[in-house]
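I have placed the structure first, in the form of structure tokens, so that the comments after it can refer back to it.
No lab work stands behind these numbers, since they all come straight from the coordinates. No experiment lies behind these values; they were computed from the predicted model shown. Cβ coordinates were reconstructed from backbone atoms using ideal geometry, including for glycine residues, and neighbour counts include every protein chain displayed.
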Amino acid sequence: MSDTASSPPASRDTEPATLEKTIRRRRQRSSSSLFAAGEPMVWLTGGALVICTAMVAGLLALVFWKGGVTFWPLPVIRVETPVLEDGGSQVFMGEVTRVDTFRPEQSVVDALPEAIARQAETQLRDRAGEAERRLFRTGNFKLTQNHFRWVTDFEIADEIQPEWALVIERLEWGRFYGFPEAFLELTPVAGGDADQARAIASGLTATDGQEIKLLDRRFENGAERDVLIPVSEAGTAHNLQAVALVASGPEAAWEQFGEHRDAVRDRWHERRDLEKFDTGKVSHEQEQARLAVRAVELELSKIEERQSAKSAAAVKAAAKLEQARTRFAEVEKWALAEFDRIRIDIDNINQQNAKFQLLMRTAGEGAIASETTLIPLDQIVRAYPANRLSLGGKVGLYLARWKEFLVDEPREANAEGGVYPAIFGTVAMTLIMSILVVPFGVLAALYLREYAKAGPLVSAVRIAVNNLAGVPSIVFGVFGLGFFCYVMGASIDELFFAANLPNPTYGKGGLLWASFTLALLTLPVVIVATEEAVAAVPSSMREGSYACGASKWQTIQRIVLPRATPGIITGFILALARGAGEVAPLMLVGAVKLAPELPIDGIFPFVHPERSFMHLGFHIYDVGFQSQNSEAAKPMVFTTTLLLITIVASLNLATIWLRNRLRRKFASGQF
Amino acid sequence: MIKVRNIAAAAAACALLATGPVAGQVKVDDKLPTYETVSGVAGTIKSVGSDTLNNLMTLWAEKFKEKYPSVQVEIEGKGSSTAPPALIAGASNFGPMSRAMKDKEMDEFEKKFGYKPIAVQTSIDMLAVYVHKDNPIAKAGLSLQQVDAMFSATRKGGNSSDIGTWGDAGLSGNWANKSISLYGRNSASGTYGYFKKHALFKGDYKDSVKEQPGSSSVVQGVASDLGGVGYSGLGYKTADVATVPLAKKHGDEAIPASPESVADYPLARFLLVYVNKQPGKDLDPLRREFLKLIFSKEGQEVVVKDGYLPVSYDIAKKTLAGVGIDI
């Protein structure tokens, strides 16, 4: 192929004998040297591409697979294994989350009871000394102090998938696995009075399948437990709690649960809104009034430093202070009344919700046969009989979990619930960053390329900008903390938020400072991309513009910039991708583990760029390496990663779409 | 200073359900008050400090936010050593620490404010030595001297020789030649400091200790390494690791890291929260109520939920009296 180029041009004129020799030599060369033909290079470059693609695709596949299956409901399995000490059975019930093959030591097998040990030995012989074990998510942490349990296959005496095994996701304490025993509708009995209980019981009418019983709290073997007793035994009760309409049996309990569930959940949401918005607003008013007083106090003390207390300014300020104090007292009074009102509302809701409880029985944990636990309905986020679900039910559950993940706030130190504040924080920060970095970067690049005269100074600036791109991101974080938070933020605080001191307002990490820091970090990308794009506009077009009498700026504005826009947007995309994926500097300038308050809310001035925020990247680090229940958190890491990748990809896609539109526009407008 | 003797007393008073029907179930002291909401609480809870206490602070803050929805919450937990500077700079109002403040940190605080910060004993942790779940050492146990010989190059505990393989630590069979792989925390961590002082007898760590950024990553490291051993708070235990019973001296009975044996366990410690309280002045409502919540029944239930041990009423009363709160 390329051989013709390298052969001497004189060869055409040479004599036939020499020509033959040349051809032979050339043939020899091409067959002896593959490199000369270029074939290996095709393989090398192609191979490199394949490896890159495979790695990226593999990573994405892993994230998509692991992140995608997290929310899929698994069957609940109940296994019995022999217990070593007292010969009784040990029972575990839960979802299998992982399977592992290992080589058990002989001592492990020896420690098993006789019959099981023989079973284990046969199994081990069949599998060449290897055994399989499964990790069960057993939940019920409050009872067992464990979330997960390994069970080796050869230990298992019995394994079933019980029909009525219920998985309950709770607001607190993680999951509960058990059987629904009864559904209770309670009427509280004040002071545990037996006569009153009887009176209430006689006033209640039980519908089909319901019984009237009493709920008694007993203290047995050093633990409190709730027991249902017949009404006739009211006199023997230890500590009477309530009269209960009881629907016994899993089916009846589940049916009743379904009936009341939505109403309870709605009331719970209502309560949360009351707590969040109504109370928040009142407290905010209160805080504002307090700050107003403090501000006038500061003003007064400043005046008194300079002038006597009797000067006109001081008297005026003192009057103002008096006014502010009166207003503060008024607000205080109003706030107290408001709080009382909200509290009564909340108490009402709580009382209504506390009526409904689910009595659950565990499958028997450890050495205990089984335990019963009352779970209030308003503590239940979601409950489902895992082994009875149809495919449609599973899909519905899967989607419902995704929805919770996307729109809810985190619970239980970020291990459960959703990541909405983190999504909000990530997107808000990335957008503010782009608003800051693009105009600034484009202007700087325009000066460098269009106005500045080439020389050592411009080269130095260019080198500096390029080097800036190579500075480790944590350095930007340190700079952001030192300059934006501690210098700029502290000055802003002193000037405008003095009443709040010593609590910093802007003098700490926050959304604004994080965006500034990342804007700085991504600035070189935008400058370099813009310079390239501007340089690529043919100078003939500029000269044409000048020939028509346009000024320099007119030329830039009308001719250069429009044609450079797609290139500038490419730089913008690169900056976006880099900024959204950056975590290290954010840890210093505002990303925190928990900050449920969004930077935009319904309280004046509606936008609060000084607030700390949550970020998906930091959330991944936090959930992956800092959560207490790391086994349960691991799948969440993948899910959150999947989400972050999706967000970054969709931001990029949106920009690419914009660029393509612009490109089309200018492609037609060129002539 | 917190002495081990205090912990023993604490544990004796601690209402742990050792003989109840449910083995391992931890109960909160019944005498602790139930939390009651008051008015006039506003502001931001800003906590900077220990990683061990990170989840605990977050859970308390979540509870507090339920009571006082308008309160803002910001929690950072990158290590105990980050707590004193933040308290001194006024960037935080709570400084959770898994070790006591060093004299130097105390002095710096005193230089700025003229008085010392106050430590509140919020809960009890048993610093556990973790191994892979298949490791038989979890049954046999280790003495502190052996732990020292594993982790430390200086061996101030007095073990005669270095322990580099599991055979050196007393295991036989396949384990005898397996080398020990060490996991630990980074030096900003209070757990690092506590372990150095009490398990390494103030000696130095070996260079081969793999320093991890969080308690959970120590546990995860050990979980995926058959020959691994590491240390972390008890709250971070998973099903993939086992805790090693520890003996104070070689030949003593090894005490398991379980709630029942907190009084005898050699590495039990209080988890502290430092506050900046001016002597003779009451705490502001925000901090007062937050501390009250920590020492209520609900607050101590949270401790159990996070895998640590609750404090008794007596300790709660005493430690709260230190910051001028009466329960």
**Asked** What number comes out for the charge environment of A:Ser232, summing +1 per Lys or Arg and -1 per Asp or Glu over other residues with Cβ under 15 Å away?
**Response** -2
**Asked** Once you average over the residues of A:286-293, how many Cβ atoms of partner chains fall within 10 Å of each Cβ?
**Response** 1
**Prompt:** Highest GNM mean-square fluctuation, chain B, Cα pairs closer than 10 Å: which of B:Val48, B:Val209, B:Val222?
**Reply:** B:Val209
**Asked** ³J(HN,Hα) across segment A:275-292 via Karplus (A = 6.51, B = -1.76, C = 1.60, θ = phi - 60°), whole Hz, x for Gly/Pro?
**Response** 5, 7, 8, 5, 4, x, 5, 4, 4, 5, 4, 4, 5, 4, 5, 5, 5, 4
**Message:** Cut-off is 10 Å between beta-carbons; in what order do A:Asp340, B:Asp51, A:Asp601 appear when sorted fewest neighbours first?
**Reply:** A:Asp340, A:Asp601, B:Asp51
**Fill in**
Rg from C-alpha atoms of segment A:274-356, normalised by the globular rule of thumb 2.2 N^0.38 Å, equals 1.63
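Order B:308-316, A:512-520, A:299-307 from most to least packed using the mean count of other Cβ atoms within 10 Å.
In decreasing order of mean packing, B:308-316, A:512-520, A:299-307 become A:512-520, B:308-316, A:299-307.
Of B:Lys27/B:Lys297; A:Lys276/B:Lys65; B:Lys202/B:Lys237; A:Lys142/B:Lys318, which ones are farther than 18 Å apart at the Cα?
Listed pairs above 18 Å: B:Lys202/B:Lys237; A:Lys142/B:Lys318.
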**Other protein chain Cβ atoms within 10 Å, averaged over every residue that makes up B:212-221** = 4
**Request:** Compare the Cα positions of A:Thr187, A:Thr101, A:Phe479 along the charge dipole of chain A (+1 at Cβ of Lys, Arg; -1 at Cβ of Asp, Glu; about the Cα centre) and return the one farthest towards the positive end.
**Result:** A:Phe479
**Rule-of-thumb Rg ratio for segment A:499-571 [Cα; 2.2 N^0.38 Å; N residues]** = 1.76
**Asked** Where a Cα-Cα gap under 28 Å defines reach, which lysines qualify for A:Lys665, not counting those fewer than 8 residues away within the same chain?
**Response** A:Lys552
**Asked** Translational D (Stokes-Einstein, µm²/s) of segment A:158-212 at 25 °C and 0.890 mPa s when Rh comes from the Kirkwood sum over C-alpha pairs?
**Response** 166 µm²/s
**Asked** Any number yet on Rg/Rh for segment A:308-397, C-alpha, Kirkwood?
**Response** 1.46
**Message:** Among the listed pairs A:Lys310/B:Lys116; B:Lys133/B:Lys249; B:Lys197/B:Lys317; B:Lys67/B:Lys196, which have their C-alpha atoms separated by more than 31 angstrom in this model?
**Reply:** A:Lys310/B:Lys116; B:Lys67/B:Lys196
**Pairs of Cα atoms farther than 17 Å apart, segment A:381-444, %** = 60 percent
**Item:** Peptide B:37-50, shielding by other chains (average Cβ, 10 Å cutoff)
**Value:** 4
**Request:** State, as an integer percentage, the relative contact order of chain A based on alpha-carbon contacts under 8 Å between residues 6 or more apart.
**Result:** 13 percent
**Fill in**
Taking only the alpha-carbon positions of segment A:419-668 as identical scatterers, the Debye log10 I(q)/I(0) at q = 0.12, 0.13, 0.15 Å⁻¹ comes out as -0.80, -0.90, -1.08
**Complete:** For B:Lys111, counting only lysines whose alpha-carbon sits under 21 Å away and dropping same-chain residues fewer than eight positions off, the answer is B:Lys102, B:Lys277, B:Lys281
**Fill in**
Dipole check, segment A:254-379, charges on Cβ (K,R +1; D,E -1), about Cα centroid: among A:Asn350, A:Val293, A:Pro376 the Cα furthest to the positive pole belongs to A:Val293
**Request:** Using only Cα atoms, tell me the angle between helix A:250-273 and the longest principal axis of chain A; keep it within 0 to 90° and round to the nearest 10.
**Result:** 60 degrees
**Asked** For A:Met41, A:Met360, A:Met488, what ranking results if the residue with the fewest other Cβ atoms within 10 Å of its Cβ goes first?
**Response** A:Met41, A:Met488, A:Met360
**Item:** Cα pair distances in segment A:77-161, grouped into 5 Å bins until the bin that holds the longest one, percent each
**Value:** 3, 14, 24, 24, 21, 11, 3, 1
**Message:** Counting just the Cα atoms, what span does segment B:51-185 cover along each of its three principal axes? Round to the nearest Å and put the largest first.
**Reply:** 61, 37, 20
**Asked** Taking only Cα atoms, what is the 0 to 90° angle, nearest 10, from helix A:312-354's long axis to the longest principal axis of chain A?
**Response** 60 degrees
**Prompt:** Which values of log₁₀ I(q)/I(0), to two decimal places, follow from the Debye formula for chain B at q = 0.11, 0.14 Å⁻¹ with a uniform point scatterer at every Cα?
**Reply:** -0.69, -1.08
**Complete:** extent check for chain A: Cα max minus min per principal axis, descending, whole Å, gives 122, 100, 48
**Prompt:** In vacuo Debye scattering of segment B:126-261, one point per C-alpha: log10 I(q)/I(0) at q = 0.12, 0.13, 0.16, 0.17 Å⁻¹?
**Reply:** -0.39, -0.46, -0.73, -0.84
**Prompt:** Taking segment A:254-303, how much of its Cα-Cα pair set, in percent, is spaced more than 14 angstrom apart?
**Reply:** 70 percent
